[in-house]
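The values are calculated or read from the model by the stated rules, or taken from the named source; none is laboratory data. A quick note: this is a predicted structure, and the numbers were derived from the prediction, not measured. Here Cβ is always computed from backbone atoms with ideal geometry, including for glycine, and neighbour counts include all displayed protein chains.
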Amino acid sequence: MFHSAHFYLGVPDQISEEDAKSAIRKIFNSKVVGHNIKFDLHFVTRFLEDDSLEVYADSMILAWLINSNSSLALDKLSDALLGHKMLSFKDTVKKGETFAGVELVDACKYAAEDAYITAKLYNLFLEKLELQSATHLIDEAKEVEFPFIKTLLTMEKEGIEIDGSFLEKFLVEVKETLAGLTTSIYELAGSEFNINSTKQLGLILFETLELPVGKKTKTGYSTDEKVLSGLLDAHEIIPKLLEYREVYKLYSTYIEPLLKLSKESKRSRIHTSFVQTGTATGRLSSKNPNLQNIPTRTPIGAKIRQAFVAGEGKKLIGIDYSQIELRLLAHYSQDDVLVNAFKNDKDIHLQTAVVLFGEEEAAQKRSIAKTVNFGLLYGMGPKKLSDTLGITTKEAKEIIEKYFESFPTVKSYFRSIVDSSKEKGYVETLLKRRRYFDYENATPMFRAAYERESVNSVFQGSAADLIKLSMNKIHEVIEKENLNAKMLLQIHDELIFEVNAEEAEVLGNRFRDIMDTIMELNVPLKASLNIGDNWSELK
DNA sequence: TGTGATAGCTCG
DNA sequence: GTACGAGCTATCACAC
């Protein structure tokens, strides 16, 4: 018996599982609109043991395309746009019960309302887009976003294999390290306290030990990594605390939860949920667990990636877009220096350093130029740049001025984004997705933030468009040619696949070519291929 | 016992 | 006040 069939004292006869299956098949043979239909498809495809169901449309995605800032929950949209308060899940399902325990008549009302409101909203959104003469967004939905639902569904269902015994060993090591650090910290502090409590830690550091107070938070002393690093030489306890923080983070956020999930899973594979409407810019987000923020920047952190492995006889493939946002900056601004640097496959940060500081100093100042390049895309100001580089605000200001003098086309292009954003109230990506900003009702501080967000959204959002197109194309190729390859993860500018070891090279190059040629811009796109037995080897 | 705010950390 | 976009864990205060 399928576990969601209703079961309670005096439950009426229900249709057979076979009848339920054929009814669902019939429904999916016509045009099905869902609200977050990927969620439902997980259950339905498992129940039917059939992944070939067709997705027609999703009202949640339309709501997000219309305004990526708005609330997307069905009940909220119903209330706001249709003036109809929906039956709440909480009221329908009594405390401690499941949906299977809900009386059929109530369950039917709840489910029917869900379907009815979804259809209402779908039609409303189509009208809305017509009225706003934004029918191109309907096309974008049909051609890109709706097909993308199944691309993501396939990835989520596959999951990625975890090496449980590796994580077990790592867990033991980390627990021992934490125990040792805890003892040292108590000794150096002169008392026992909760190291994870910023409140208690603040008292120890700044009152008991009388260390110099650097920064305050809303509620007390700041003890973040920057503050602690500034106190490195002030007391022996500081390096211990920094190490404790790093290791405890790995333990509590990664090792323990991932191990638990892998143990719960039959094939030792863990499955994230990608949220297609998860950001205002068009990027994905990933949750339960988030597999887009697995550590990589420190050696001990990067060890976590060793736990993500290819199955027996298989390899993992990683393909990442190189400098995709800066390439988009070159594409949009058409700045000669940037365009030529990318056309000739030059080191973009070094080229920037040459322009800013001259040939002689370029090599040693490359990393400054790199910070400037990234900062640009974020709408950086002199304050933050000086903080990041450890220079004075004045020097930072000069570097920024020098940049805009040297790249006047970039300056005027940024200006045009901001002007148009203020005039129209939104900015657009490559695929014409919009992000709205309410300048009218904003304080000067918010307006400045909107200007930065406008600039950033064009690049971040367009990069998201490109990789989305690539993912759909690769998914299509894998299906059509019945390739023995699984797309597993997307980490914003990077895709991870699992394939048969002997095919890794060929398939990797095939996918990389698709990514390189997914769209013709004013500069070439470039993706890099890596092959390995675990995720830590893909760099 | 549950919830929301805060601080802090991870990633691109 | 001052760099963009996310999600997770732990603590703490407060309500039930």
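When you scan segment A:153-166, how many residues do you find that are away from DNA strand C (no atom under 14 Å from the Cβ), surrounded by 16 or more Cβ atoms within 10 Å (Cβ to Cβ) and either among the aliphatic types (A, V, I, L, M) or under 30 Å from A:Ser470 (Cβ atoms) (or both)?
So the count comes out to 9.
Determine whether A:Glu502 is assigned by TED's automatic domain parsing to the domain that holds A:Gly311, surrounded by fewer than 16 Cβ atoms within 10 Å (Cβ to Cβ) and either at pLDDT below 95 or of a type outside the set (A, V, I, L, M, F, W, C) (or both).
So A:Glu502 passes the test.
Return the pair list, or none, for Cβ contacts closer than 8 Å from residues in segment A:246-259 that are within 14 Å of A:Pro299 (Cα to Cα) to residues that are assigned to a helix (DSSP H, G or I) and within 8 Å of DNA strand B (Cβ to nearest atom), at least 6 apart or on different chains.
Qualifying pairs under 8 Å: A:Glu246/A:Gly301; A:Leu250/A:Gly301.
Sort out which residues of segment A:174-199 are surrounded by 15 or more Cβ atoms within 10 Å (Cβ to Cβ), over 22 Å from A:Ala234 (Cβ atoms) and more than 14 Å from DNA strand C (Cβ to nearest atom), and write them in order of number.
Hit for segment A:174-199 is A:Thr177, nothing else.
Given (1) modelled with pLDDT of 95 or more; (2) out of contact with any helix residue (DSSP H, G or I) (no Cβ under 8 Å at 6 or more places or on another chain); (3) within 16 Å of DNA strand B (Cβ to nearest atom), where does A:Val174 come up short, assuming only one miss?
Tallying (1) modelled with pLDDT of 95 or more; (2) out of contact with any helix residue (DSSP H, G or I) (no Cβ under 8 Å at 6 or more places or on another chain); (3) within 16 Å of DNA strand B (Cβ to nearest atom), A:Val174 fails exactly one: (2).
Would you pick out the residues in segment A:237-280 that are surrounded by fewer than 20 Cβ atoms within 10 Å (Cβ to Cβ) and among the aromatic types (Phe, Trp, Tyr)?
A:Tyr248, A:Tyr251
Please pick out the residue among A:Ser412, A:Ser454, A:Ser421 that is in a helix (DSSP H, G or I) and out of contact with any helix residue (DSSP H, G or I) (no Cβ under 7 Å at 6 or more places or on another chain).
A:Ser412
If a residue must be away from DNA strand C (no atom under 16 Å from the Cβ), free of Cβ contacts under 8 Å to residues at least 60 places away in the same chain and either assigned by TED's automatic domain parsing to the domain that holds A:Arg415 or in contact with a strand residue (DSSP E or B) (Cβ under 8 Å, 6 or more places away or on another chain) (or both), how many such residues does segment A:287-333 contain?
0
For A:Glu54, all conditions in the list (1) touching a residue at least 12 places away in the same chain (Cβ under 8 Å); (2) surrounded by 16 or more Cβ atoms within 10 Å (Cβ to Cβ) hold save one; what is the number of the exception?
(2)
Condition test on A:Glu481, is it under 24 Å from the mean Cα position of the chain (by Cα), surrounded by fewer than 19 Cβ atoms within 10 Å (Cβ to Cβ) and more than 16 Å from DNA strand B (Cβ to nearest atom)?
Against the criterion (under 24 Å from the mean Cα position of the chain (by Cα), surrounded by fewer than 19 Cβ atoms within 10 Å (Cβ to Cβ) and more than 16 Å from DNA strand B (Cβ to nearest atom)), A:Glu481 does not qualify.
For segment A:288-304, which positions are more than 9 Å from DNA strand B (Cβ to nearest atom) and either surrounded by 18 or more Cβ atoms within 10 Å (Cβ to Cβ) or closer than 17 Å to A:Ile496 by Cα (or both)?
Selection gives A:Pro289, A:Leu291, A:Lys303.
Return only the number of the condition from (1) in a helix (DSSP H, G or I); (2) touching a helix residue (DSSP H, G or I) at 6+ places or on another chain (Cβ under 7 Å); (3) in the same structural domain as A:Thr281 (by TED's automatic domain parsing) that A:Ala442 does not satisfy.
(1)
Condition (residue is within 10 Å of DNA strand C (Cβ to nearest atom), crowded, with 18+ Cβ neighbours inside 10 Å and β-branched (Val, Ile, Thr)) applied to segment A:373-393: is it met by at least one residue?
No, the conditions are met nowhere in segment A:373-393.
For segment A:82-137, which positions are touching a helix residue (DSSP H, G or I) at 6+ places or on another chain (Cβ under 9 Å) and in a loop (DSSP other than H, G, I, E, B)?
Hits for segment A:82-137 are A:His84, A:Lys85, A:Met86, A:Leu87, A:Ser88, A:Val93, A:Lys94, A:Val102, A:Gln132, A:Ala134.
Identify the residue in segment A:198-249 that is part of a helix (DSSP H, G or I) and β-branched (Val, Ile, Thr) and, among all such residues, is farthest from DNA strand B (Cβ to nearest atom). Step through it out loud before you land on a result.
Within segment A:198-249, the subset part of a helix (DSSP H, G or I) is A:198-208, A:225-230, A:237-249.
If we keep only those that are β-branched (Val, Ile, Thr) as well, we get A:198, A:204, A:208, A:227, A:237-238, A:247.
Details: A:Thr198: 4, A:Ile204: 13, A:Thr208: 17, A:Val227: 7, A:Ile237: 14, A:Ile238: 11, A:Val247: 9 Å.
The extreme case among them is A:Thr208.
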